[in-house]
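Structure first, then comments.
The numbers here are math on the coordinates, done by the rules we state, and not lab data. Given the structure is predicted, the values throughout are model-derived calculations rather than measurements. Please note: Cβ atoms are built from the backbone with ideal geometry, for glycine as well, and neighbour counts cover all protein chains shown.
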Amino acid sequence: MSRDNIICGLDIGTSNTRAVIAQIRSDQEKPQVLGVGQTLSFGLRRGIVVDIAETANSIKQAIEEAEKAANVSIESALVNIGGNHITCRFSKGVVAVSRADGEISEEDKDRAIKAAKTIPIPQNRELLHVIPRHFTVDEEKFIKDPVGMSGVRLEADTLLIEGSTPFIKNLTKSLHEAEIGIDNLVLSNLASAKAVLSKRQKELGVLVLDFGGGTTGFTVFEEGDIVHACVLPIGGSHITNDLAIGLRTSVDVAEKLKTEYGSALPEEVGKKEIIDLAKLGGEEEEVSRKYVAEIIQARLGEIFDLANRELKRIDRQGLLPAGVILVGGGAKIPGVAEMAKQELKLPTQIGFPVNIEGILNRIDDPAFSTVIGLVLWGIKGSGFKAPRSRGFSGFGSGVSKIQRWLKAFMP
């Protein structure tokens with residue numbers, strides 16, 4: 001088995017850490033999953049590392065489980081990054097076409113994209129992605145690929161995604177502690193969108209809501225371009241905490257309540273439905289399932305309210321024909337799609353990873369969207385090898401800086 005054909009995606013989340021090892025073969029169009037690893041996460045809060053040693057231990061456990069299943073050893077992975085420190089902004093880069101005959105080359109395209117990221121960035125911020133949206137050749141706008149066209153002036157319209165340097169360094173140190181190198185850092189939102197969206201959905205206009213443990217990813221596409229990306233500061237763990245407080249029970253029991261008896265639609269739950277907490281490991285106490293659903297609905301309503309505010313801010317409220325795609329662990333709560341449809345006033349469905357083969361019974365799950373997206377990101381436009389600062393990512397300089405910074409601590 002050629003090492004060049006092996007790709008590892010590593011999703012380090014607030015609640016769970018997941019690793020997927022896949023192989024790409026020349027006679028197959030889709031990557032084949034060889035091994036899957038999953039463990040509870042410790043050391044993260046709202047997508048941000050707060051304990052390097054605990055995070056490293058979670059990474060090791062997930063990677064080792066995937067390695068054992070795949071029977072391969074992994075030295076590096078494509079890794080997600082999230083947290084509400086993520087911000088995005090638009091930027092334009094303008095260059096003169098270099099060839100005398102005016103034909104635009106790949107080099108001209110790259111120079112225009114590079115010019116778009118030459119903007120002042122605060123010292124405590126790091127550029128994660130430079131995503132080309134479209135190009136303008138002289139006066140002709142909204143061109144997807146200008147290579148081969150003729151013109152004098154080329155302009156690149158890009159979306160810049162930035163993160164906090166201290167948080168990025170802490171994540172990188174955790175991976176270093178776990179002895180895992182970074183092939184690329186990819187925003188969780190972008191990875192999950194890549195795993196579940198079709199080209200048609202991106203063209204029509206679609207919102208992807210990725211319910212994580214501590215945060216919810218928010219990404220909007222329209223006419224094939226990414227329109228907006230951000231991270232909402234509420235996730236599935238907030239629902240669990242609400243249940244623990246409201247029912248005066250432990251967090252572990254509250255999590256079981258959410259996953260086994262939860263619902264986003266209390267009006268569809270019978271008033272006489274009773275849950276015995278003793279069966280879930282709690283004290284001998286009975287609670288109303290309808291009350292549990294009311295607590296869940298209240299917190300989900302807050303998430304959807306934040307999503308509506310973001311849609312209104314970018315003038316897309318109720319205006320996305322392909323609707324909303326829900327992914328992440330929170331997407332598995334019964335009734336959440338119906339509630340999202342009511343609250344966001346858009347068609348809604350649960351998203352599942354596509355364009356992947358192998359151990360489908362392990363990965364056919366909305367919670368695996370991010371990690372599968374990382375695997376797909378690794379093969380995009382770069383043959384079999386996972387890219388190091390290739391494709392749409394502008395993270396190469398950031399990784400180099402962090403690697404140099406880490407060497408100062410190494411013997």
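Here the relative contact order of the chain, from alpha carbon pairs under 8 Å that lie six or more residues apart, stands at 19 percent. Considering the stretch 225-349 at the alpha-carbon level, its Rg and Dmax are found to be 15.9, 54 Å.
Where in the stretch 285-315 does the amide nitrogen come within less than 17 Å of the point 7 Å from the Cα of S250, taken along Cα to Cβ? Residues 285-286 fall inside that zone.
The residues packed around L374, meaning those with a beta-carbon under 10 Å from its beta-carbon, carry a net charge of 0 if Lys and Arg are +1 and Asp and Glu are -1. Extension gain for V94 to E106 (0.36 nm times residue separation, less C-alpha to C-alpha distance): 2.9 nm.
Run the count for the stretch 87-163, please: Lys pairs, Cα-Cα under 14 angstrom, 8 or more apart or on different chains.
Numbers: K92/K109; K92/K114; K92/K117; K92/K141; K109/K117; K109/K144.
Final tally of qualifying lysine pairs is 6.
The helix-based estimate of mean residue ellipticity at 222 nm for the chain, built from -39,500 (n - 2.57) per DSSP H run of four or more residues and divided by its residue count, is -10500 deg cm²/dmol to the nearest 500.
Pairs of alpha-carbon atoms within less than 8 angstrom and 6+ residues apart define the contacts here; what relative contact order does the stretch 169-251 have, in percent?
19 percent
Cross-link reach is defined here as a Cα-Cα straight distance under 21 Å, omitting same-chain residues fewer than 8 places apart; for K272 the lysines meeting it are K256, K258, K290. Report the relative contact order of the stretch 113-178, percent, no decimals, based on alpha-carbon pairs under 8 angstrom and at least 6 residues apart. Rounded, it is 37 percent for the stretch 113-178. Helices of the chain meeting both criteria, an alpha-carbon length of 20 angstrom or more along the long axis and an average Kyte-Doolittle score not below -0.5, with helices taken as full DSSP H segments, are 52-70, 289-313. Shown is the FRET efficiency for R362 and D305, computed with R0 = 35 Å from the Cβ-Cβ distance and rounded to the nearest 0.05: 0.55.
Full extension from E283 to E140: what is 0.36 nm times the residue separation minus their Cα-Cα distance, to one decimal in nm? Working shown, then result.
On the way: separation 143, 0.36 × 143 = 51.48 nm, distance 6.86 nm.
Residue separation times 0.36 nm, minus the Cα-Cα distance, leaves 44.6 nm.
Between E29 and E179, the modelled labels are 4.0 nm apart [label points 7 Å from Cα along Cα→Cβ].
For the pair N71 and D276 in one chain, pulling the backbone fully straight at 0.36 nm per residue adds 69.5 nm over the alpha carbon distance.
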